[in-house]
Amino acid sequence: MRWIAVFATALIGLAAVQAGAQSPPAGPPTPVRGTIEKLDGQNLSVKTREGPVATIALADNVTVQGVAKRTLADIKAGDYVASTSVKGTDDKLHAVEIHIFPEAMRAAVTEGQRPSSLVEGGLMTNATVVGITPAPPQGELLKVTYKDGTAEVIVAPDTPIVTYVAGDASLLKPGAAVTIFAQKKPDGSLTTARVTAEKDGVKPPM
């Protein structure tokens, strides 16, 4: 179906920005996480989690997508996932959130580990799932592999797990949570062609 191909293409573009693919000549993206204050034409005002309001100019062909809840039971060996984690006092990685990539995004998302701006000391791991084993009393142990190594991440029962779903401009309403990786222009203004927004009460955790 044509809409599936179009949506997959949009997701692939988002992945290149969110998951560390090659940055455009203008520089690396600027993460904006918060809640929408208003949409005025093509200008989206977001109350950032840091406090200030950021205004992002939306491209005419902006892609808007939502997220949907999933559970650890939805993840199987061979799936391609991204996990944000932090190292605990036990010197092990503990998941802060996990998002499951649709298969169409696999080839476009750069695998490996890199710092994450989601939380202080955060580490983003894009990798293929090897398996999941019990890790009582903390939860489950997610084992993944990527080009340069492997990782094991402890996933607590309340860890947010989501996947991407289709959305549209109707999601851009006041109070909705959004995650945007915007491009900063030389004059300091922000612009983006993609927005991940809250849908059906599910907020983007990344």
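Things worth noting here:
- Solvent-accessible surface of the range 113-206, taken per residue with a 1.4 Å probe and all protein chains present: 49 Å².
- Along the range 153-161 the Karplus relation, 6.51 cos²θ - 1.76 cosθ + 1.60 evaluated at θ = phi - 60°, assigns HN-Hα couplings of 10, 7, 10, 6, x, 9, 5, x, 10 Hz to successive residues, with x for each Gly and Pro.
- Couplings 3J(HN,Hα) for the range 93-104, derived from phi with the Karplus relation 6.51 cos²θ - 1.76 cosθ + 1.60 (θ = phi - 60°), are 7, 10, 5, 9, 6, 9, 10, 9, 7, x, 4, 4 Hz, where x marks Gly and Pro.
- Cross-link partners of Lys185 among lysines, defined as those whose alpha carbon lies under 30 angstrom from its own and excluding same-chain residues fewer than eight positions apart: Lys38, Lys47, Lys173, Lys199, Lys203.
- R0 of 22 Å, Cβ-Cβ distance Thr128-Asp74: FRET efficiency to nearest 0.05: 0.90
- Phi-derived couplings, Karplus 6.51 cos²θ - 1.76 cosθ + 1.60 at θ = phi - 60°, listed residue by residue for the range 127-133: 7, 9, 6, 8, x, 10, 10 Hz, with x used for Gly and Pro.
- Ignoring lysines fewer than eight residues from Lys147 along the same chain, the ones with Cα atoms less than 25 angstrom from its Cα are Lys76, Lys87, Lys92.
- Between the Cα long axis of helix 2-18 and the first principal axis of the chain there is an angle of about 80°, rounded to the nearest 10.
- Taken along its principal axes, the alpha carbon cloud of the chain reaches lengths of 50, 42, 35 Å, longest axis first.
- Rounded Å value of the spacing that divides the Cα centres of the range 118-151 and the range 74-110: 6
- When a 1.4 Å probe is rolled over the protein heavy atoms, the share of accessible surface on the chain that falls to carbon and sulfur comes to 55 percent.
- Take the chain and mark each of the GluC sites (Glu not before Pro) that is in a DSSP loop with at most 10 other Cβ atoms within 10 Å; the longest unmarked stretch, sites excluded, is 121-206.
- Amide H contacts for Val165 (H built 1.01 Å from N in the peptide plane; partners 5 or more residues away or on another chain; cut-off under 5 Å): Gly66, Val67, Ala68.
- DSSP-loop trypsin sites (Lys or Arg not before Pro) across the range 90-187, with at most 11 other Cβ within 10 angstrom: Lys147
- Of the residues Val32, Ile75, Ile100, the one whose Cα sits farthest toward the positive end of the charge dipole of the chain, with +1 on the Cβ of Lys and Arg and -1 on the Cβ of Asp and Glu, is Val32.
- Per-peptide average of other Cβ atoms within 10 Å, ordering 77-88, 58-69 highest first: 77-88, 58-69
- Amide H within-cut-off set for Asn43, under 5 Å, with H built and near neighbours excluded: Leu58
- Cut-off 13 Å between beta-carbons: net charge of the residues surrounding Thr35, Lys and Arg +1, Asp and Glu -1: +3
The values are calculated or read from the model by the stated rules, or taken from the named source; none is laboratory data. All of these numbers come straight from a predicted model, not from anything done at the bench. All Cβ positions, even for glycine, are placed from backbone atoms using ideal geometry, and neighbour counts span all protein chains on display. All accessible areas refer to the heavy atoms of the entire protein, side chains included, with ligands and DNA or RNA removed. Shrake-Rupley method; radii C 1.70, N 1.55, O 1.52, S 1.80 Å.
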